[in-house]
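Have a look at the structure below, then the notes.
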Amino acid sequence: MPLAKVMLVDDEQPFVEAMSRRLAKRDLKVCTAFGGTEALEKLRQEPDVDVVILDVKMPGMDGVETLREIKKGFPLVEVIMLTGHATVESAIEGMKLGAYDYLMKPCDMDQLMTKIAEATARKAEHEQKILEARMRQITLHMGS
């Protein structure tokens, strides 16, 4: 299975740096953004991102608003929300808006890796279904 490409989005720079090192050590391709607007810009530049790990509580564009924009512009990208105790409601709202799942901060690395693997598999499955549907469409047109 190809390496998952993960984008880590959080306004806390030390957290992002430590987390991206830990994820890279586990053979993931990692890119980072320090806010929602930057995350959306980077997604436009790097369309091969599989999973976004997104902090709920950020200044400016918060995680829920960022999630909404990601799902609008990049519907196949899976999003895992990271939340503190105070923002669990936001994470639940995120689930309703299409987030794959959410984890409490600080999160267990093994649990996060499992969620990333599951989310990456789900994205690949959706891409495969789209490909198959397009192939059927082409085959139908060729037959008519």
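With neighbours defined as other Cβ atoms within 10 Å of a residue's Cβ, the residues VAL9, VAL16 order from fewest to most as VAL16, VAL9. Since only ALA24, LEU112, GLN45 are under comparison, the one whose Cα sits farthest along the positive direction of the charge dipole of the chain, derived from C-beta charges on Lys, Arg, Asp and Glu, is GLN45.
Only alpha carbons enter this Debye calculation for the stretch 1-86, each as an equal point scatterer, and the log10 of I(q)/I(0) it gives at q = 0.15, 0.24 Å⁻¹ is -0.48, -1.23.
Where a Cα-Cα gap under 13 Å defines reach, which aspartates and glutamates qualify for LYS71, not counting those fewer than 8 residues away within the same chain? Cα-Cα hits under 13 Å: ASP50. For the chain, DSSP calls about 0 percent of its internal beta bridges antiparallel. For ASP108 and LEU76, the difference between the fully extended length at 0.36 nm per residue and the C-alpha to C-alpha distance is 9.0 nm. Summing Cβ point charges (Lys, Arg +1; Asp, Glu -1) relative to the Cα centre of the chain gives a dipole of roughly 460 debye. Counting neighbouring beta carbons within 10 Å and listing from fewest to most, the residues MET113, MET61, MET135 come out as MET135, MET113, MET61. Arranged from fewest to most other beta-carbon atoms within 10 Å of their beta carbon, HIS126, HIS141 become HIS141, HIS126.
Pairwise alpha-carbon distances in the chain exceed 23 Å for 33% of all pairs.
In terms of distances greater than 22 angstrom between alpha carbons, the cross-link table entries LYS5/LYS72; LYS25/LYS72; LYS29/LYS72; LYS29/LYS129 yield LYS25/LYS72; LYS29/LYS72; LYS29/LYS129.
Where a number appears in this text, it was derived from the coordinates with a stated rule and is not lab data. Just so it is clear, the structure is predicted and the values come from calculations on it, not from any experiment. Neighbour counts run over all protein chains shown; Cβ positions are idealised from the backbone, glycine included.
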